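First up is the structure itself, then whatever we jot down about it.
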Amino acid sequence: MKDLIARHVAEYGSEPEVMASAPGVLNLMGEHTDFAEGYVLQTALPHTVEVAISRRKDNSLRFYAADVHERKRTTVANLKYKREDRWANYLKGVLYELLQLGYQFRGLNISFGGTVPQGIGLGASAAVGLATAFAMRELFGYNIEDIKLVQVVYLSESAFIGIPEQITDQFVACFAKQESAVFLNLHTLEYNHLPLRIGNARFVVTNSNVNQNYAKEEVAERYRQCEEGIEKLQGHDSGKTILDFSEQELKQGTDLLSEAERRLCLHVVGENRRVIESRSALLQQDLVSFGKIMNRSQESLRDNFEVSCPEIDWLVKRAGELEGCYGSRLVGPGFGGCTVTLLEEAVIEEYQRRLEDYERIFGFHPDIFVCEPSSGAKIIFSKRG
């Protein structure tokens, strides 16, 4: 916090009036279920994004990315998406959506920085947007409840920027609690907190550092095929969703679906069931069962949804060879990115040693960290009032 305050002062010549933070998120179970309004089980990371804001006397909007020393600017009247503004669009989108709701403001100086790894399915962009939204509400005293702020941040990505995202990451980053996971029904947005009592085990995140440039396009194509498949299964009953069908019904509907449609739909229906099963396993503190569910999820992501890759498969396999590993799976859109592995703390060092072969084989250096389930977005500094 002190570091960002100092950078804000150096950049703008005055201290911020407010600072907010929001965490990255880790998907424990429920990969590619959210587009079908299914279930997910996520927790907040200890890694956060911090946003600092102070007011200006004009209508200029200044943005400073403290970690990379980059600057962007626009005005309140000219808030629009620009591809060349890259990271600044995530902040601009929140400001734009607040204006659409009738919340007024003039010029602002905004700085941000953080530790959430970017572009690997850990909710970095959602954290930027949510911290911005929390800081704006605090600075101007907007009468807007948390769920509405979550929707503002969701729209800042899905509408302002045009990214076909779901509301999952923003929701969990807002409502997460320490030492717990959020079980979220994306059809109703009902949720509850699930205590993570995992004893001496730890959730270990491994970044494969594989480039995911084409992941979004590939995933969007899979979603399209899923939707086409379910339309064929619906027949005249258009009220059904993909989650209203059982795995058995999907298998029996082979004559209606292409092989690709059948496998993709099987993953979504099966993964939704696995979220329910994993919730029960964690409530019973049954880590063995939870680990097996993680492994089944990975098998489906690899064989049915086909979003794994050799590097991820290798990481999962090597983890699974360890005595003290319960399970491991891909996290995020796929085609690279991260794995999450449930390991006994005593074998984490051995896991790290085994990763030395990864760089030699694939040419990428894997980064790992232990996820300590953390709390959601919050104000960490305020001069208001």
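The values are calculated or read from the model by the stated rules, or taken from the named source; none is laboratory data. Quick caveat: nothing in here was measured; it's all calculated off a predicted structure. Here the Cβ positions follow ideal geometry from the backbone for every residue, glycine too, while neighbour counts run over all protein chains shown. Heavy atoms of the whole protein, side chains included, go into the accessibility calculation; ligands, DNA and RNA do not. Shrake-Rupley method; radii C 1.70, N 1.55, O 1.52, S 1.80 Å.
Let's see how each residue does on (1) part of a strand (DSSP E or B); (2) open to solvent by 50 Å² or more (accessible area, probe 1.4 Å):
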{"residue": "121", "(1), (2)": "no, no"}
{"residue": "125", "(1), (2)": "no, no"}
{"residue": "143", "(1), (2)": "no, yes"}
{"residue": "183", "(1), (2)": "yes, no"}
{"residue": "216", "(1), (2)": "no, yes"}
{"residue": "219", "(1), (2)": "no, no"}
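Among the residues of the range 294-301, is any of a type in the set (D, E, K, R) and either more than 18 Å from residue 122 (Cα to Cα) or not in a strand (DSSP E or B) (or both)? The answer is yes, given that some residue of the range 294-301 is of a type in the set (D, E, K, R) and either more than 18 Å from residue 122 (Cα to Cα) or not in a strand (DSSP E or B) (or both).
Just give me the residues in the range 295-312 being closer than 22 Å to residue 201 by Cα and either surrounded by fewer than 19 Cβ atoms within 10 Å (Cβ to Cβ) or in contact (Cβ under 8 Å) with a residue 60 or more places away in the chain (or both), in sequence order. Show your work before the answer.
Going residue by residue through the range 295-312, those that are closer than 22 Å to residue 201 by Cα are 295-298, 312.
295, 296, 297, 312, listed by residue number.
Within the range 336-354, the set of residues being open to solvent by less than 50 Å² (accessible area, probe 1.4 Å) and either in a helix (DSSP H, G or I) or closer than 10 Å to residue 208 by Cβ (or both) comprises 336, 337, 338, 339, 347, 348, 351.
Contact map, the range 71-92: first residue under 16 Å from residue 113 (Cα atoms), second residue of a type in the set (Phe, Trp, Tyr) and at pLDDT below 95, Cβ cut-off under 6 Å, separation 6 or more or different chains; pairs are 89/81. Checking each residue in the range 20-50 for being open to solvent by less than 20 Å² (accessible area, probe 1.4 Å), more than 20 Å from residue 177 (Cα to Cα) and not in a loop (DSSP other than H, G, I, E, B) picks out only 36. Sort out which residues of the range 305-328 are touching a strand residue (DSSP E or B) at 6+ places or on another chain (Cβ under 6 Å) and part of a loop (DSSP other than H, G, I, E, B), and write them in order of number. The answer is 308, 324.
Could you pull out the residue among 324, 332 that is buried (at least 18 other Cβ atoms within 10 Å of the Cβ) and in contact with a helix residue (DSSP H, G or I) (Cβ under 9 Å, 6 or more places away or on another chain)?
Values: 324 fails: buried (at least 18 other Cβ atoms within 10 Å of the Cβ).
The match here is 332.
Part of a loop (DSSP other than H, G, I, E, B) and touching a Ser or Thr at 6+ places or on another chain (Cβ under 8 Å): is that true of residue 117 in this structure? Working first, answer last.
On the way: part of a loop (DSSP other than H, G, I, E, B): yes; touching a Ser or Thr at 6+ places or on another chain (Cβ under 8 Å): no.
So residue 117 does not fit the description; no.
Scanning the range 249-279 for residues that are basic (Lys, Arg) and either surrounded by 15 or more Cβ atoms within 10 Å (Cβ to Cβ) or modelled with pLDDT of 90 or more (or both) gives 262, 263, 273, 274, 279.
Among the criteria (1) farther than 24 Å from residue 268 by Cα; (2) among the polar types (S, T, N, Q); (3) surrounded by fewer than 17 Cβ atoms within 10 Å (Cβ to Cβ), the one residue 234 does not fulfil is (1).
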